[in-house]
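The structure that follows is given in the form of structure tokens.
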Amino acid sequence: MRETVRGRWQRIAGVAVVIGSLFALALTATAGGGSKEKGKMKQLTPEEERVIAHKGTEAPFSGEYLKHSEDGTYTCRRCGQALFRSADKFDSGCGWPSFDDALPGAVREHADPDGLRTEIVCASCGAHLGHVFTGEGFTQRSVRHCVNSISLEFTPAATAPATSRALFAGGCFWGVEHHFSMEPGVLHVTSGYTGGHVPSPIYEQVCEGNTGHLEAVEVVFDPKVTSFEKLARLFFEIHDPTQVGGQGPDIGEQYRSAIFVVDDEQRRVAKKLIALLREQGLDVATEVREAGPFWPAEAGHQDYYASKGTLPYCHVKVKRF
Ligand SMILES: [Zn+2]
């Protein structure tokens, strides 16, 4: 008898399930043995093993993430792969955590051997997660990834630090401080000295030279309102980054242009902006250096222009980006 298209698809699907099961079995065997390739796999408890490796189901309304509503990411309990976002979690009333979407490529689906349900597994390690159902109308997407809590682990959303810090040297600190203190998201600007080898320097020492210090400003900002990149762009627009050995009329090593970075991300951004300026033909002299101790300058140097009621003579904003 001639095989129908439908029959052929069923046979192909059957073979796929067998191959999939063999693959999952192989992975299970590997994980169980604590193999070398899967060295990062977590050692499972007997109950985790029953659900994750042997496709069991935890009792409904018993899992730790059923009523969990924190902001973050659900990962595979066995291998740590990120699987679901809390933003896609909803209450289906079914007794297991429900998600109407998975992270791209994170979850694989295949038909259960009984052909009735569609199993979902971690695409990275094959851990059994649960089943996926469609067309139920619970949410706009009408998809329900019904997942055992025990197959998951939760990582809270990274909480941004309350404030961040940046250090810029662009000539006389009075003018640099003036511009940064007007910038939205900037909480506090302090004029001071950094980059040298003399502890607690005073203005006269720095002016004389031989301290290695640069006049600089410490900018404390709210990363929810502004960013290091935005501030660094401003920095390059309020001074001439191509001038060597000084800034404007102020000549001396303490007036050099530099960014003192506090981490690798700031370093990356600073170098990126310098590369952008060089593409425009600017021969940028700004040094990118690692942040060290910062010594606030004497009170008379803080908020200089604001307290005098005048404007900087040496720092005027020029559009460069
Ligand atoms: Zn996994």
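Would you be able to tell me the number of residues in the range 136-194 that are hydroxyl-bearing (Ser, Thr, Tyr) and outside any strand (DSSP E or B)?
The number of residues fulfilling the criteria is 7.
Ok, one more. So which residues in the range 105-123 are within 19 Å of GLY56 (Cα to Cα) and either within 16 Å of the ligand (Cβ to nearest atom) or among the hydrophobic types (A, V, I, L, M, F, W, C) (or both)?
VAL107, ARG108, GLU109, HIS110, ALA111, LEU116, GLU119, ILE120, VAL121, CYS122, ALA123
Give PHE138, PHE133, PHE173 a once-over and let me know the one that is more than 30 Å from ILE251 (Cα to Cα), more than 16 Å from the ligand (Cβ to nearest atom) and in contact with a Phe, Trp or Tyr (Cβ under 9 Å, 6 or more places away or on another chain).
Answer to the selection: PHE138.
Determine if the range 226-237 includes at least one residue that is within 22 Å of GLU183 (Cα to Cα), in a loop (DSSP other than H, G, I, E, B) and modelled with pLDDT under 95. Walk me through how you get there before you give the answer.
Going residue by residue through the range 226-237, those that are within 22 Å of GLU183 (Cα to Cα) are 226-237.
After this cut, where a residue has to be in a loop (DSSP other than H, G, I, E, B) as well, the list is 226-227.
From what is left, the residues that are modelled with pLDDT under 95 are 226.
Yes.
Going through ARG268, ARG289, ARG278 one at a time, which residue ends up being of a type in the set (D, E, K, R), on the phi < 0 side of the Ramachandran plot and surrounded by 16 or more Cβ atoms within 10 Å (Cβ to Cβ)?
Answer to the check: ARG289.
If you don't mind, another one. How many residues are in contact with a Lys or Arg (Cβ under 7 Å, 6 or more places away or on another chain) and either assigned to a strand (DSSP E or B) or not assigned by TED's automatic domain parsing to the domain that holds VAL147 (or both) when one looks only at the range 61-79?
Number satisfying all stated conditions: 1.
Of the residues ALA102, ALA29, ALA82, only one is in the same structural domain as VAL143 (by TED's automatic domain parsing), within 16 Å of the ligand (Cβ to nearest atom) and either closer than 16 Å to CYS146 by Cβ or at pLDDT 95 or above (or both); which?
Exactly one residue qualifies, and that residue is ALA102.
I'd like to verify a number: residues in the range 47-60 that are within 11 Å of the ligand (Cβ to nearest atom) and part of a loop (DSSP other than H, G, I, E, B), how many?
0
Could you please find all residues in the range 48-100 being of a type in the set (D, E, K, R) and within 18 Å of PHE138 (Cα to Cα)? Spell out how you get there, then give the answer.
As a first pass, look at the range 48-100 and keep what is of a type in the set (D, E, K, R): 48-50, 55, 58, 64, 67, 70-71, 77-78, 85, 88-89, 91, 100.
Passing the criteria: LYS67, ARG85, ASP88, LYS89, ASP91, ASP100.
Applying the selection to the range 153-190, what residues are modelled with pLDDT of 90 or more, touching a Pro at 6+ places or on another chain (Cβ under 7 Å) and hydrophobic (A, V, I, L, M, F, W, C)?
Once the filter is applied, which keeps residues that are modelled with pLDDT of 90 or more, touching a Pro at 6+ places or on another chain (Cβ under 7 Å) and hydrophobic (A, V, I, L, M, F, W, C), the range 153-190 yields only TRP174.
From the list THR139, THR134, which one is surrounded by 15 or more Cβ atoms within 10 Å (Cβ to Cβ), among the polar types (S, T, N, Q) and more than 21 Å from MET41 (Cβ to Cβ)?
THR139
Regarding the range 264-279, can at least one residue be identified that is in the same structural domain as THR211 (by TED's automatic domain parsing) and part of a loop (DSSP other than H, G, I, E, B)?
Taking every residue of the range 264-279 in turn, none turns out to be in the same structural domain as THR211 (by TED's automatic domain parsing) and part of a loop (DSSP other than H, G, I, E, B).
In the range 103-135, what count of residues is obtained for those that are in contact (Cβ under 8 Å) with a residue 12 or more places away in the chain and part of a strand (DSSP E or B)?
Matching residues across the range 103-135 total 16.
The values are calculated or read from the model by the stated rules, or taken from the named source; none is laboratory data. Everything quoted here is computed from the prediction, not taken from an experiment. For neighbour counting, all protein chains shown are included, and Cβ atoms are generated from backbone atoms with ideal geometry for every residue, glycine included.
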